[in-house]
1. Taking every eigenvalue of the Cα gyration tensor of region 58-197, multiplying by 5 and rooting it, what semi-axes result, largest first, whole Å?
2. Spin-label point model (7 Å from Cα, Cβ direction): what's the K136 to A36 distance in nm?
3. If you line up the Cα atoms of region 114-165 on their principal axes, what length do they span on each, largest first, in Å?
4. Report the label-to-label distance for W206 and L64 in nanometres (one decimal), using points 7 Å from each Cα along the Cα→Cβ vector.
5. Using bins 20 angstrom wide from zero, how does P(r) for the chain break down, in % of all Cα pairs?
6. Which whole-number percent gives the relative contact order of region 146-280, counting Cα pairs below 8 Å spaced six or more residues apart?
7. Where q = 0.13, 0.16, 0.31 Å⁻¹, what log10 of I(q)/I(0) comes from the Debye formula for region 173-232, counting one point per Cα?
8. Please state, as a whole number in µm²/s, the translational diffusion coefficient that the Stokes-Einstein equation yields for region 162-295 at 37 °C and 0.692 mPa s, with Rh defined as the Kirkwood radius across alpha carbon pairs.
Amino acid sequence: MSYVLLFLILLIVGVVLFINVHPTFGANPTKLQKKAYERFPHYENGKFKNTVPTNMKMSAADILSFIKDSMNKKQERSPRNQLSMKKIDWEKVKGREDSLTWFGHSAFLLSIDNKKLLIDPMLGPTASPVSFIGSKRYSQDILHIIDEMPPIDAVLLTHDHYDHLDYSSIKKLKHKVKHFFVPLGVGAHLMKWGVSSHSITELNWWDEVELGGITLAFTPSKHFSGRGVLNRDSTLWGGWVILGKNTRFYTSGDGGYDAHFKEVGEKYGPFTLTLMEGGQYDPRWSWVHMKPEESVQAHLDVKGKTMMLIHWGAFTLAYHSWTDPIERAIQTAKEKDVNLLVPELGETVLLRGEEASSVNEWWTNDKKKHK
């Protein structure tokens, strides 16, 4: 029995040391930063909180149901075949027209007013702190795309979860990025990974900054944060408003549906294009991710013209089929007369206001190949 106890103690010590030593877990805000955060109404007892009370606890029944759902083979939670990515048209990306290039999930490159903005650049192979655990990317390894990218004027992060902030991507990116705009506290991760503090600006909810004539505003969402076992909600989370000369852009970041979308719409709408998260949902965590129907409603709340669904097409993080998000979003968009933009992985779409690519249902190719 004593050997078993000793083994458990050594295992716990090993895990704690790994978390504290391995760089992928990032770092925590300093004591001085935490002290400064105390003046904010959404920071309490060393943690950020949502603007509305949010129940984040799961019951034993929920945990048991997770185990049961994970064994359900009827749901096609991942593609049967590796998804292909279009060869990126870098000439179109480098052009002077506003454009958007989607890499899957919530990672995309926005060209606006001849500036290149990279949002949530998770281009690594696994949405996890270690490569042997966690959801694998549906497409081939795309870290090499960073080498092909033009110089990046700014990276914008919505929060520090592994499917949005990726250690391997930042390490490869940091030398070609002029500046990082991040939520409060997230700069600590970047600095641990070698990004200069002079290249980082941290923002609170509703903070605004200017970037070469473009207005960037960090807006609330209903979510949470944390990369380690003990640093839950130590950093902030949210969405981004990006206002250029011709394109008024909004991306929701992760989070459940609530009144903050109407607040964003009243303050910054209307928007030419909105990117709304609408994947990885579940009734057991409805507070943290929207269903596609809610995503379409959130788009209407913020006064969007054209909508694109994100947070799908790259990783399996929930128990619905991998195509369920886009299929439900298309149906709801038709019912509510919403113009839905559905690009392929790697496709660059020119943002000409009234134009949007047609829905070609590229994801159905996976089922056709299997047949």
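1. Equivalent ellipsoid semi-axes, largest first: 30, 20, 13 Å.
2. 4.3
3. 38, 24, 15
4. 4.5
5. P(r) for the chain, in whole percents per bin: 29, 61, 10, 0.
6. 20
7. Values returned for q = 0.13, 0.16, 0.31 Å⁻¹ are -0.40, -0.60, -1.28.
8. After rounding, the answer is 206 µm²/s.
The values are calculated or read from the model by the stated rules, or taken from the named source; none is laboratory data. Quantities reported herein were computed from a predicted structural model and do not represent experimental measurements. Reconstructed Cβ throughout: ideal geometry from the backbone, glycine too, with neighbour counts over all protein chains shown. All accessible areas refer to the heavy atoms of the entire protein, side chains included, with ligands and DNA or RNA removed. Shrake-Rupley method; radii C 1.70, N 1.55, O 1.52, S 1.80 Å.
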